[in-house]
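Working notes, structure below.
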Amino acid sequence: MACAKRIESAGDYRDVRTAARYSEYFLHILTGRKSVEGARQLATRPGWVAFATVRRRLPARFHNVSIRKAICPRPDTAEIIARLDNGRIARTLTLTFQATPRGWRLDHCDLLQPASRPRRRI
């Protein structure tokens, strides 16, 4: 991964693995394994609004979540791509984390739309 090991704006050691662990926390909220109580402190105001919107848009609780990709387009930004699956429905979620003086904070979250027409099974 191309993230800098040290992010000057954060003031201390931060790397993309920490952002990935935070994203796992948000994913576990979507599965119902964690409560939403402490999550507000790990997000910026726009990030929290986006996460709340994603929670409302999901049709059901997802049991299987996994991080598919973690990249750093800039040294102070980490983008996480995750997959949510409940056996029948699969969705892809993007989470963008921004480095702040207090550490990584969720800055944006979006649920990607599935293909407009389903695949034909043979």
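A few comments on the model shown:
- Counting neighbouring beta carbons within 10 Å and listing from fewest to most, the residues 37, 24 come out as 37, 24.
- Based on Cα atoms of region 16-111, Rg over Rh with Rh as the Kirkwood radius reads 0.94.
- Options 63, 47, 23, ranked by Cα towards positive dipole end of region 16-111, top entry (Cβ charges): 63
- Gain on full stretching of the segment that runs from residue 66 to residue 35 - 0.36 nm per residue minus C-alpha separation: 9.3 nm
- Considering only 81, 36, 100, and ranking their Cα positions along the charge dipole of region 16-111 that arises from unit charges at the beta-carbon of Lys, Arg, Asp and Glu, the one farthest toward the positive end is 36.
- Protection proxy ranking, peptides 41-48, 61-68, average beta carbon neighbours within 10 Å, highest first: 41-48, 61-68
- Shape class of region 41-94 from the Cα gyration tensor (axes a ≥ b ≥ c, square roots of the eigenvalues): oblate, since a/c reaches 1.5 or more and a/b does not exceed b/c.
- The distance linking region 34-54 with region 101-115 is 10 Å (Cα centroid to Cα centroid, whole angstrom).
No lab work stands behind these numbers, since they all come straight from the coordinates. Source: prediction; values computed, not measured. Positions of Cβ are generated from backbone atoms using ideal geometry, with glycine treated the same way; all protein chains shown enter the neighbour counts.
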